[in-house]
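Shown next, in structure tokens, is the structure this report addresses.
Please treat every number below as a calculation from the coordinates, not as lab data. This structure is a prediction, so every number in the text was calculated from the model and none was measured. Neighbour counts are summed over all protein chains in view; Cβ atoms, including those assigned to glycine, are modelled from backbone coordinates with ideal geometry.
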Amino acid sequence: MKVQYNGPVDRFFTSLTFGLITVGTVAFCDWLIDLRVDRQAERCYAALLGGGERLDAIILGSSHGLYGIDPAILEGPGIRPFNFSNQGSGPLYYAEWYDLYRRYQGPARWALISVDWFWVKWWRRLDHDADSLPLDVWLRRLADPANEASTLVFMRFALIREHSQFAFRLFGEESTFPIDESRSYRGGSALRPGGYAEQGQAGKRAYRGPTPPGSWVAFRRLCTRLREDDARVVFVQTPEYLPDAGEHPQENAAIAALARDYGWPFLNYNAERASRLNHERDMFADWNHLNAVGRARFTQSLRRDLERLGALPAGNR
């Protein structure tokens, strides 16, 4: 006997089926896009919030610090730095991040801050890491009215976050900056040698926009917190390919003045500490990012300079 359904029941099951298919398709696309996004930040948060090893020696910065400083080379007796550098992250981000870090790790003992000449230009905030935050931390920030709920939701889901690059994320080729996963260690990542992306002046123009409101205030807030915690702090500017990058004395003078205010050294490897490396194109992935070979060579030099300053224990390997 054929079972007859009335109109509302048919419409309900049709809508339910369509809804489940839609939700499943969206969830699958979100998962697929997430697979093609580097999870470096997520791994850093897992280490930060995991409650295991005490991470009191930290490296902070944008992609220059992420790809330019190898924490393995800086290791030695009594110090094992963790590289918490994050793409496009500056003072606005780290002033908030350090509060989260301090809650889970306590005060930092040693901090190496990678300061690009345009470091204060970055707009990124902690809530932009919503996709990497553990669910309980994300929910607590979502419930706090002081945070931007729309940003936390928008950045949590890859399908929304990457909507402008949807086709590329699903079907695009590998990034022009391929990561050498074999060299990833304690938060740091490395870019494979070769394939210098010649950008000329175009990249530099992107960093000459307005400074976000409160960026310098956030920078001083971060520095003040580190000084209150009696951390040993060093500012470092990683090498750029100077024939394309040029010089930026005004921006660097402002950073140097801040370092002097706090009594911390500023090691600028694009000015007084520039070397032959700054003119060797095969050491770079593009005009302002070292590749894996350049990263290793630079970090060796940085280690020696830090030891001369007494900012690292003597005898590091």
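Per 0.36 nm of contour for each residue apart, how much would the distance between Arg227 and Tyr185 grow if the chain were fully extended, relative to their Cα-Cα spacing? Intermediate values should be presented prior to the final figure.
Numbers: separation 42, 0.36 × 42 = 15.12 nm, distance 2.75 nm.
Full-extension gain reported as 12.4 nm.
Ordering Leu152, Leu242 from the fewest to the most neighbouring beta carbons within 10 Å gives Leu242, Leu152.
For region 127-144, 3J(HN,Hα) computed residue by residue from phi via the Karplus equation (6.51, -1.76, 1.60; θ = phi - 60°) reads 5, 6, 8, 4, 6, 9, 5, x, 4, 5, 5, 4, 5, 5, 5, 5, 6, 7 Hz, glycine and proline entered as x.
Where Lys and Arg each count +1 and Asp and Glu each count -1, what net charge lies around Pro107 among other residues with Cβ under 14 Å from its Cβ?
Details: positive: Arg54, Arg102, Arg103, Arg109, Arg225, Arg227, Arg232; negative: Asp56, Asp99, Glu228, Asp229, Asp230.
Result for the neighbourhood of Pro107: +2.
Ordered by the count of other Cβ atoms within 10 Å of each Cβ, fewest first, Val153, Val233, Val115 give Val153, Val233, Val115. Region 222-285 and region 55-101 have Cα centres spaced 15 Å apart. Once backbone amide H atoms are built at 1.01 Å from N, Arg232 has Trp110, Ala111 as its partners under 5 Å, excluding neighbours fewer than 5 places away on the same chain. Taking a ≥ b ≥ c as the square roots of the eigenvalues of the Cα gyration tensor of region 229-317, is the shape rounded (a/c under 1.5), prolate (a/b larger than b/c) or oblate? The shape class here is oblate.
Using a 10 Å cut-off around each Cβ, can you sort Glu148, Glu228 from fewest to most neighbouring Cβ atoms?
Glu228, Glu148
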